[in-house]
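Derivation of every value follows stated rules applied to the coordinates shown; laboratory data play no part. Computed from a prediction, not measured in an experiment: that's the story for all the values here. Backbone-built Cβ (ideal geometry, glycine too); neighbour counts: all protein chains shown.
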Amino acid sequence: MRVNRGYKTDTTVGDRKIIFCEGGSESVDVIFYKTILGIKTNKFEFKPIGSSNTLLSFAETKLIDNGFCLIDRDFRTDKEVSKLENKYSIRFLKVHEIENFFLNIDYLQKLDYLINGVDIQQQINNAIKKKRTRFLADFLQFKINNHLDKFPRISKLKNSELPVEEEIINTLFSKLDTNYHEVQVKIREIKEKYIEDWKNDFEELSINFLPAKEIFKELKNKIFINPPKESDIAKDIAKLMLEDNFLPENIKDIFKI
């Protein structure tokens, strides 16, 4: 996403606060939030602008005046979430992603295209078991990438560091070597100190912190008759929640309702 750095974005429409979220104009996220909030949605303007990485990059520009980016938690720890929320205009879901809200058995059972007599919990368990290797790989990759962060770029040379012209290239490559060694140290730490802990952390994850989108893809063909689009399922579940006056605590907290 191209961000205009020349001016701050207008983050209010009248009295509405703008929520930058994931996806496109007809995204599952927008449909779910607009539906479950009901008339309260008039307080907000939703602007989907792409992936969670795009949202994070946008938040890092610090161009948001009076709104925030609403981003999937993914595999972030509470500490990582708090650090980013305190630094930028970001709010994270307390669940892995929005699809975790759809894995609510009480509301799945009320959908009229549910297969009669299907054991939803068993099908969810089956989907998690089938996707276990995929989830473990994704979890460890996320942890490794976070630990390595971005490969450190060469910092700009201070005037006092400037060598004679003939030595500029050698000086820059020396700095690059230093950065490379820093990454090597982090890699050794991962292998010797963190990887086993992360594997144990994965075993402790509840369903709220697993990739629900993958679970739901696996699940819907097992529990629904002629399953509709995910966006339609999201809207139907949100409607049922709205009719029941049920709003997940996480959403209440994010939207201050």
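Pop the C-beta distance of ASN42 and ILE105 into the FRET formula with R0 = 45 Å and round what comes out to the nearest 0.05.
The pair ASN42/ILE105 has a calculated efficiency of 0.90.
Name the most mobile residue of ARG76, ARG132, ARG91, meaning the one with the largest mean-square fluctuation, in a Gaussian network model of the chain with Cα contacts below 10 Å.
Fluctuation is largest for ARG132.
Provide the gained length on full extension for the span ASN245 to LEU56, in nm with one decimal, where the gain is 0.36 nm per separating residue minus the Cα-Cα distance.
Stretched out fully, the ASN245 to LEU56 stretch lengthens by 64.9 nm.
Of LYS193/LYS220; LYS43/LYS131; LYS110/LYS143; LYS62/LYS143; LYS129/LYS235; LYS235/LYS256, which pairs sit farther than 32 Å apart, going by alpha carbon to alpha carbon?
Over 32 Å apart, Cα to Cα: LYS193/LYS220; LYS43/LYS131; LYS110/LYS143.
Compute the normalised compactness of segment 129-257: alpha-carbon radius of gyration over 2.2 N^0.38 Å, N being the residue count. If you can, show how the numbers build up before the last one.
Details: Rg = 24.2 Å, N = 129, 2.2 N^0.38 = 13.9 Å.
For segment 129-257, the normalised Cα radius of gyration is 1.74.
What net charge is computed for the residues neighbouring GLN123, neighbours being all others with C-beta under 12 Å from the C-beta of GLN123, Lys and Arg scored +1, Asp and Glu -1? If you can, show how the numbers build up before the last one.
Values: positive: LYS129, LYS130, LYS220, LYS222; negative: ASP119, GLU218.
Summing Lys/Arg as +1 and Asp/Glu as -1 gives +2.
Rounded to the nearest 0.05, what FRET efficiency do ASP112 and ILE207 have when you use their Cβ-Cβ distance and R0 = 35 Å? Spell out each step's value before the answer.
Details: r = 24 Å, r/R0 = 0.70.
So, using R0 = 35 Å, E works out to roughly 0.90.
Stretched out fully, how many nm does the piece from GLU166 to ASN66 gain, at 0.36 nm a residue minus the Cα gap?
Using 0.36 nm per residue and subtracting the Cα-Cα distance, I get 31.0 nm.
What is the distance in Å between the Cα centres of segment 38-91 and segment 139-193?
29
How many nm separate the modelled label positions at ASN179 and GLU80, each set 7 Å beyond the Cα in the direction of the Cβ?
Each label point is offset 7 Å from its Cα along the Cβ direction, giving 2.2 nm.
Take each of the peptides 178-185, 248-255, 19-26, average the number of other beta-carbon atoms within 10 Å over its residues, and list them starting from the highest.
19-26, 248-255, 178-185
Tell me the label only: which of (i) 61, 44, 37; (ii) 78, 49, 28; (iii) 93, 44, 38 is Cα extents along the principal axes in Å as calculated from this structure?
Checking each listed value against the structure points to (ii).
Could you list LEU210, LEU140, LEU103 so that the one with the fewest beta carbons within 10 Å of its beta carbon is first and the one with the most is last?
Placing the least packed residue first, the sequence is LEU140, LEU103, LEU210.
Mind giving me the FRET efficiency for ILE225 and ILE195? R0 is 45 Å, r the Cβ-Cβ distance, nearest 0.05 is fine. Numbers along the way, then the final one.
Numbers: r = 44 Å, r/R0 = 0.97.
With R0 = 45 Å, the Cβ-Cβ based efficiency is 0.55.
Just want the ordering: THR171, THR77, from fewest to most Cβ atoms lying within 10 Å of their own Cβ. Mind showing how you got there, number by number?
Details: THR171 15, THR77 12.
Listed from fewest to most nearby Cβ atoms, that is THR77, THR171.
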